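Structure first, commentary second.
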Amino acid sequence: MDDQDARLSPEEIFDEATADIALGELEAAAEKYRRCVEMQADYFDAWHALGMALMKIGRYSEAIEAGLRSIELRPNDQLAWSSLSLFYVRNQQIKEAEAAGAKARILSWGGKIKKDSSSHP
């Protein structure tokens with residue numbers, strides 16, 4: 001990271017990471033998304049994108065960690081639960097995948113996931 005990179009906002013780094021994704025530079029994107037969440041721990045979009053990038057490069061356990069953080073931030077986000085389910089599937093954790101998928105379905109039907117409930121499926 002050079003001096004100019006150090007002055008970038010999390011949103012600017014996020015945009016650079018998204019450009020990396022478009023170019024197929026998944027490792028670089030994951031590194032940048034991780035910088036975003038290190039700079040701004042409640043940056044939901046960066047946590048979600050980090051999980052997706054990590055999944056695409058086969059780092060499933062790390063993707064699950066990012067997915068769990070994203071649902072902590074937005075427990076009623078259907079896409080976050082669907083993505084977490086996919087991360088679990090890729091890591092061959094079928095029971096957990098089914099539980100996360102069920103929560104995504106509840107949300108798709110207009111239901112809510114209680115904020116004070118366990119964030120783990």
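The values are calculated or read from the model by the stated rules, or taken from the named source; none is laboratory data. Just so you know, these numbers come straight off a predicted model, no measurement behind them. FYI the Cβ positions are ideal-geometry reconstructions off the backbone, even for glycines, and counts take in every protein chain you see.
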- line: From the option list Glu72, Glu96, Glu38, Glu27, single residue qualifying as touching a residue at least 12 places away in the same chain (Cβ under 8 Å) and more than 27 Å from Leu107 (Cα to Cα) is Glu27
- prompt: Residues in the range 79-91: is at least one under 23 Å from Ala6 (Cα atoms), of a type in the set (Val, Ile, Thr) and touching a helix residue (DSSP H, G or I) at 6+ places or on another chain (Cβ under 8 Å)?
  reply: no
Residue tally, condition touching a Leu at 6+ places or on another chain (Cβ under 8 Å) and either part of a loop (DSSP other than H, G, I, E, B) or among the charged types (D, E, K, R) (or both), over the range 46-91: 5
query: What do you reckon, is Glu96 in a helix (DSSP H, G or I) and in contact with a Pro (Cβ under 6 Å, 6 or more places away or on another chain)?
result: yes
- line: Counting only residues in the range 101-121 that are within 16 Å of Gly67 (Cα to Cα) and at pLDDT 85 or above, the one surrounded by the fewest Cβ atoms within 10 Å (Cβ to Cβ) is identified as Ala102
- prompt: Is it true that some residue in the range 38-61 is among the β-branched types (Val, Ile, Thr) and buried (at least 21 other Cβ atoms within 10 Å of the Cβ)?
  reply: no
field: Positions within the range 22-45 being assigned to a loop (DSSP other than H, G, I, E, B) and under 12 Å from Glu11 (Cβ atoms), in sequence order
entry: Gln40, Tyr43
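Just to be sure, is Ala29 in contact with a helix residue (DSSP H, G or I) (Cβ under 7 Å, 6 or more places away or on another chain), over 30 Å from Lys112 (Cα atoms) and among the small types (Gly, Ala, Ser)?
Numbers: in contact with a helix residue (DSSP H, G or I) (Cβ under 7 Å, 6 or more places away or on another chain): yes; over 30 Å from Lys112 (Cα atoms): yes; among the small types (Gly, Ala, Ser): yes.
Yes.
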query: Residues in the range 70-83: is at least one at pLDDT 95 or above, of a type in the set (Gly, Ala, Ser), under 17 Å from Trp47 (Cβ atoms) and in contact with a Pro (Cβ under 9 Å, 6 or more places away or on another chain)?
result: no
